[in-house]
Amino acid sequence: MPELPEVEVVRRGLAQWVVGREISAAEVLHPRAIRRHLPGADAFTEGLKGRVPLSAERRGKYLWLPLSGAEEAILAHLGMSGQLLVVRRETPPEKHLRVWIRFEDGGPDLRFVDQRTFGHVMLTPLTGGVPEPIAHIAPDPFEEAFDDAEFARRLRARRTEIKRALLDQSLISGVGNIYADEALWMARLHWARPTETLTRPKIAELLAAVREVMSAALDQGGTSFDSLYVNVNGESGYFERSLEVYGRRDLPCSRCGTPIRREAFMNRSSYFCPRCQRRPR
DNA sequence: CGACTCTCCTGGGTGC
DNA sequence: TGCACCCAGGAGAGTC
């Protein structure tokens, strides 16, 4: 399950292996992979032909490659199981290969492989350097454009639980289920804590925790718990970074020894320490 | 505008 | 061994 650190690893791989190379051909092997590209597969492949990715950009979990020519970019979201692989062109097609991009220089292909097909790619206009479909999402906490004070103001104006707000990409992008649980544990906040009860210092502490858990993962090249996740060069994205709560049901909290609990929330799992992260009354 | 629910999809794991 | 489930989850669509 690629989250922001994993996606950043992929972005770096694209910058190294794909930027500057002219696309000779693209092929869509599964229509669902380009479902958000409304003009369809033919328009997608025609639109890519002959163009050169100029850079590799990221906001939250979205990746994009601005292209030579018109103000457009290839936009990708990996979803749960998406991979962008750079592989020798003789390599046989992967079982779940969805989009296949080849280059004029005869070098390695760029392949979008996605078992569960929650991910997608598309060709989209850029507006002020940002792809149109993601104009509504907030900057991620590592961007210059991210405004801590504005985040605190908007968070306190919400009437919802803190975890729901952390996962809301229009408030802060790039935080998924795993790092939301990790950051809440670090900041000693229960997932159901009402946002309007958070003080500004507590929000600052939470933001610091979000940045810390994600940069720690990034330092190790990304963390993943799903063997499906592979980075841009085909290497496994799995690293040994120990998580404090995610996936650790019934195991002792490293701060107090209390068994970690798992609760269903928003149709997914929330892991927390019932002692360090007291449920709000 | 905001809160909230539903839905999309596949295959590994589990229990009988 | 086979089969019917269950589960993982980001984010857009839709409702109120």
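Every read-out reported here was derived from the displayed coordinates using simple, explicitly stated rules and does not represent laboratory data. These figures come from a predicted structure and were not determined experimentally. Positions of Cβ are generated from backbone atoms using ideal geometry, with glycine treated the same way; all protein chains shown enter the neighbour counts.
By count of other Cβ within 10 Å, fewest leading, how are A:Cys276, A:Cys256 ordered?
Values: A:Cys276 21, A:Cys256 10.
Ascending number of Cβ neighbours within 10 Å: A:Cys256, A:Cys276.
Between the helical axis of A:177-186 and the dominant principal axis of chain A, each derived from Cα atoms, what acute angle in degrees is found, rounded to the nearest 10?
With both axes taken from Cα atoms, the answer is about 30 degrees.
Please identify which residues in region A:118-151 have an amide N closer than 16 Å to a label point set 7 Å out from the Cα of A:Arg36, following the Cα→Cβ vector.
Within reach of a label on A:Arg36, which here means backbone N under 16 Å from a point 7 Å along Cα→Cβ, region A:118-151 contributes A:118-127, A:130-140.
At 222 nm, what helix-only mean residue ellipticity would chain A give, in deg cm²/dmol to the nearest 500, using -39500 (n - 2.57) for each DSSP H run of four or more? Numbers along the way, then the final one.
Numbers: 6 runs with 67 residues, N = 281.
Value at 222 nm, helices only, nearest 500: -7500 deg cm²/dmol.
With no other cysteine's Cβ closer than 4.7 Å, which Cys residues of chain A count as lacking a disulfide-compatible partner?
Result for chain A is A:Cys256, no neighbouring Cys Cβ within the cutoff.
Only sites in a loop by DSSP and with at most 15 other Cβ atoms within 10 Å count here; which GluC sites (Glu not before Pro) in region A:63-131 make the cut? Display every interim value, and only then the final one.
Numbers: sites: A:Glu71, A:Glu72, A:Glu90, A:Glu94, A:Glu104; in loops: A:Glu71, A:Glu90, A:Glu94, A:Glu104.
Filter output for region A:63-131: A:Glu71, A:Glu90, A:Glu104.
Treating only the Cβ atoms of Lys and Arg (+1) and Asp and Glu (-1) as charged, compute the dipole magnitude of chain A about its Cα centre; round to the nearest 20 debye. Walk me through the intermediate numbers first.
On the way: 41 positive and 37 negative charges, 310 e Å.
For chain A, the charge dipole is close to 1480 debye.
Which of rounded, prolate or oblate describes chain A when judged by the alpha-carbon gyration tensor and an a/c cut-off of 1.5? Don't jump to the answer; show the numbers that get you there.
Details: a/c = 2.41, a/b = 1.76, b/c = 1.37.
Here chain A falls in the prolate category.
Rounding to the nearest 10 and keeping the result within 0 to 90°, find how far the Cα-based axis of helix A:148-157 lies from the longest principal axis of chain A.
Orientation of helix A:148-157: about 60 degrees from the principal axis.
Order of A:Ser270, A:Ser170, A:Ser215 from fewest to most other C-beta atoms within 10 Å?
Values: A:Ser270 22, A:Ser170 10, A:Ser215 14.
By the 10 Å Cβ count, ascending: A:Ser170, A:Ser215, A:Ser270.
Order these peptides, A:4-10, A:188-194, A:37-43, by their mean beta-carbon neighbour count within 10 angstrom, highest first. Intermediate values should be presented prior to the final figure.
Details: A:4-10: 24.9, A:188-194: 19.3, A:37-43: 13.6.
Final packing ranking: A:4-10, A:188-194, A:37-43.
Relative to the Cα centre, what is the charge dipole magnitude of region A:1-57, using +1 at the beta carbon of each Lys and Arg, -1 at the beta carbon of each Asp and Glu, and rounding to the nearest 20 debye? Each step should come with its number before you reach the end.
Working: 8 positive and 8 negative charges, 17 e Å.
For region A:1-57, the charge dipole is close to 80 debye.
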